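Notes follow the structure.
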Ligand SMILES: *Cc1c(COP(=O)(O)O)cnc(C)c1O
């Protein structure tokens with residue numbers, strides 16, 4: 001151990017991120033419902049673009065991402081100059097913290113908020129500030145109360161992971177308008193596409209200079225393995241983020257696949273419809289077994305058990321059958337399991353197994 005070699009303050013406070021389980025020793029025919037992935041994968045057009053991209057592997061990619069930004073902006077009715085693309089929205093969360101928060105600054109997020117907010121804040125040397133939620137839902141008044149002169153960033157996921165709940169556009173606007181002048185509100189829209197008719201809060205952004213949204217190709221687009229995300233916000237903020245972004249942060253393959261994927265909105269609409277249908281079915285099936293959940297706006301359900309012990313026993317029971325769901329104790333929800341909405345047969349399998357678990361007790 002070399003005592004003289006030490007990382008920046010805050011780094012050793014970062015707990016290593018543990019992703020959703022992907023395998024169980026000795027069990028085959030696994031159904032992975034632990035990482036909110038699209039069970040159908042990406043659209044055929046995205047897969048074709050991936051194949052075509054093999055011919056460009058020797059070429060450096062575009063540094064300005066113009067073609068992808070134009071496609072995103074056309075599909076969403078936005079200004080392409082105010083779109084920035086990253087290696088997953090995770091990278092953009094990192095850019096925001098790196099560019100706007102440092103030692104003595106505070107980064108605010110909610111009690112059951114996404115773990116990357118804390119990790120990126122600590123990595124930037126800033127102080128993470130966690131705010132209580134009300135009934136597993138973002139509490140605007142509590143966030144406003146937690147803000148002060150040191151607050152630089154406020155992250156909310158809307159809808160939120162792992163709770164599945166969301167707040168209204170009016171509440172988001174009230175939050176944006178109540179922040180101290182030096183603070184940026186970041187609307188994490190990783191699940192926005194699952195909400196019929198929802199644009200992630202575009203009107204709130206267009207009318208203000210202090211709101212940014214982040215979006216992802218990892219969830220409804222079925223491209224988690226490829227790592228592509230983007231953000232949209234005021235020119236002033238996007239220009240700052242582009243300074244900390246590496247010029248070649250996305251490969252040709254990422255750029256071309258994402259462009260094909262975003263232009264295939266018929267596929268996204270079909271995935272949204274199927275997800276809503278199976279989510280409704282699974283929530284009802286669990287409710288009939290005495291397992292409540294809040295109305296989810298996403299591609300997962302947060303199933304609430306009577307205790308941490310029961311949730312863990314159920315998880316062990318499911319694992320033995322090859323069904324992988326997500327424990328969420330690290331999100332301060334130890335009595336819950338987060339279950340991704342899979343295809344119809346996966347949903348039926350998980351509901352059947354939980355019924356067996358309940359019957360066996
Ligand atoms: C999955 C997820 C992300 C997206 O991550 P990527 O880096 O785009 O894969 C961002 N925020 C929340 C809340 C998520 O659940």
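The values are calculated or read from the model by the stated rules, or taken from the named source; none is laboratory data. Given the structure is predicted, the values throughout are model-derived calculations rather than measurements. Virtual Cβ from ideal backbone geometry, glycine too; neighbours counted across all protein chains shown.
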Of the residues in the range 129-160, those that are surrounded by fewer than 17 Cβ atoms within 10 Å (Cβ to Cβ) and touching a helix residue (DSSP H, G or I) at 6+ places or on another chain (Cβ under 6 Å) number 1
Answer residue from the range 55-74, given it is more than 16 Å from the ligand (Cβ to nearest atom) and in contact with a strand residue (DSSP E or B) (Cβ under 7 Å, 6 or more places away or on another chain) and is nearest to residue 230 (Cα to Cα) among those: 69
Would you check if there is a residue in the range 75-94 being away from the ligand (no atom under 16 Å from the Cβ) and closer than 25 Å to residue 279 by Cβ? yes
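Got a sec? Which of 216, 168, 209 is free of Cβ contacts under 8 Å to residues at least 60 places away in the same chain and within 24 Å of residue 101 (Cβ to Cβ)? Spell out the reasoning first.
Working: 216 fails: free of Cβ contacts under 8 Å to residues at least 60 places away in the same chain; 168 fails: within 24 Å of residue 101 (Cβ to Cβ).
209 is the lone residue from the list that is free of Cβ contacts under 8 Å to residues at least 60 places away in the same chain and within 24 Å of residue 101 (Cβ to Cβ).
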Looking at the range 184-206, which of its residues are touching a residue at least 60 places away in the same chain (Cβ under 8 Å), out of contact with any helix residue (DSSP H, G or I) (no Cβ under 8 Å at 6 or more places or on another chain) and buried (at least 21 other Cβ atoms within 10 Å of the Cβ)? 191
Does residue 214 fit the bill of being buried (at least 18 other Cβ atoms within 10 Å of the Cβ) and more than 19 Å from residue 192 (Cβ to Cβ)? no
Any residue that is more than 20 Å from the chain's Cα centre (by Cα) and either crowded, with 22+ Cβ neighbours inside 10 Å or within 18 Å of residue 244 (Cβ to Cβ) (or both) - is there at least one of those in the range 85-98? no
Would you confirm whether any residue within the range 10-20 is over 27 Å from residue 121 (Cβ atoms), in contact (Cβ under 8 Å) with a residue 40 or more places away in the chain and either outside the structural domain of residue 240 (by TED's automatic domain parsing) or surrounded by 12 or more Cβ atoms within 10 Å (Cβ to Cβ) (or both)? no
